[in-house]
Amino acid sequence: QSPRRLRKHFFPVPSAFEWYWALFGYTLSRTTNSHLPGVTMQFILVDDHALIVQALSALLKAKYPASTVLTGASADQARALVAEHGSDTDLMILDLNMPGVTQTTDLLEELVQSGPAMKILVLSGVLDPRNIMRVLQLGAAGFVPKSLDTDMLTNAIDFVLKGGVFIP
């Protein structure tokens with residue numbers, strides 16, 4: 001991919017979009033923490049669509065062969081996984097819209113408060129700027145639309161694992 005396309009997503013230098021988000025109090029961190037494919041990591045993946053869970057699990061296992069991927073399909077399973085494994089988890093990938101949640105961001109807010117050290121990357125089929133801003137306000141490490149291709153998704157995961165905040 002061209003450097004211009006990567007710049008759009010990863011903000012290697014301050015951009016107009018980055019300055020726009022800074023107006024609302026967001027800072028896009030850039031740390032040099034590196035997670036290499038051979039490093040043992042743990043992921044929690046929660047989505048109510050089995051196909052998405054299976055595909056993302058396979059993608060994570062291919063990218064990080066030594067990783068553990070714990071999966072869930074509901075808000076209750078997400079809570080249980082975080083309660084049991086949240087302190088050992090490097091990244092949680094969470095679907096924004098799931099059964100068992102009245103307000104779509106309630107679960108995210110609850111999970112961020114219960115395990116603030118765990119990074120949460122929100123996954124959604126709805127690309128609404130208000131939702132993106134809300135999940136970032138609540139402490140998510142980024143927002144990934146389900147329409148994103150697998151190369152950009154793995155780049156987004158790597159970026160968040162290194163301490164960045166991914167915004168489409």
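The values are calculated or read from the model by the stated rules, or taken from the named source; none is laboratory data. Small disclaimer: the values here were computed from a predicted structure and weren't measured. Here Cβ is always computed from backbone atoms with ideal geometry, including for glycine, and neighbour counts include all displayed protein chains. Just so you know, the surface numbers come from the protein's heavy atoms only, side chains and all, with ligands and any DNA or RNA stripped out. Shrake-Rupley method; radii C 1.70, N 1.55, O 1.52, S 1.80 Å.
Check 20, 64 and return the single one that is at pLDDT 50 or above and either touching a Leu at 6+ places or on another chain (Cβ under 7 Å) or surrounded by 14 or more Cβ atoms within 10 Å (Cβ to Cβ) (or both). Break it down stepwise before answering.
Numbers: 20 fails: either touching a Leu at 6+ places or on another chain (Cβ under 7 Å) or surrounded by 14 or more Cβ atoms within 10 Å (Cβ to Cβ) (or both).
Exactly one residue qualifies, and that residue is 64.
Could you say whether any residue in segment 76-93 is more than 25 Å from residue 40 (Cβ to Cβ) and either among the acidic types (Asp, Glu) or at pLDDT 90 or above (or both)? If you could, list the steps in order and put the result at the bottom.
Step one: list which residues in segment 76-93 are more than 25 Å from residue 40 (Cβ to Cβ), which gives 76.
Still in the running and either among the acidic types (Asp, Glu) or at pLDDT 90 or above (or both): 76.
Scanning segment 76-93 turns up at least one residue that is more than 25 Å from residue 40 (Cβ to Cβ) and either among the acidic types (Asp, Glu) or at pLDDT 90 or above (or both).
Out of 149, 88, 128, report the one residue that is open to solvent by 10 Å² or more (accessible area, probe 1.4 Å), over 14 Å from the mean Cα position of the chain (by Cα), closer than 19 Å to residue 60 by Cα and free of Cβ contacts under 8 Å to residues at least 24 places away in the same chain. Don't jump to the end; show me each part of the working.
Numbers: 88 fails: free of Cβ contacts under 8 Å to residues at least 24 places away in the same chain; 128 fails: closer than 19 Å to residue 60 by Cα.
Checking each option against the conditions leaves just 149.
Give segment 99-122 a look and list any residue that's open to solvent by less than 10 Å² (accessible area, probe 1.4 Å) and within 25 Å of residue 63 (Cα to Cα), or say none.
120, 121, 122
Residue check, residue 59 against (1) open to solvent by less than 60 Å² (accessible area, probe 1.4 Å); (2) touching a helix residue (DSSP H, G or I) at 6+ places or on another chain (Cβ under 7 Å); (3) more than 14 Å from residue 140 (Cβ to Cβ); (4) outside any helix (DSSP H, G or I), all met but one. Which one?
(4)
Please verify whether segment 142-162 includes one or more residues that are of a type in the set (S, T, N, Q), within 22 Å of residue 82 (Cα to Cα) and at pLDDT 90 or above. Can you show your working first?
Initially, segment 142-162 is screened for residues of a type in the set (S, T, N, Q), giving 147, 150, 154-155.
Those still in the list that are within 22 Å of residue 82 (Cα to Cα) too: none.
Scanning segment 142-162, I find no residue that is of a type in the set (S, T, N, Q), within 22 Å of residue 82 (Cα to Cα) and at pLDDT 90 or above, so the answer is no.
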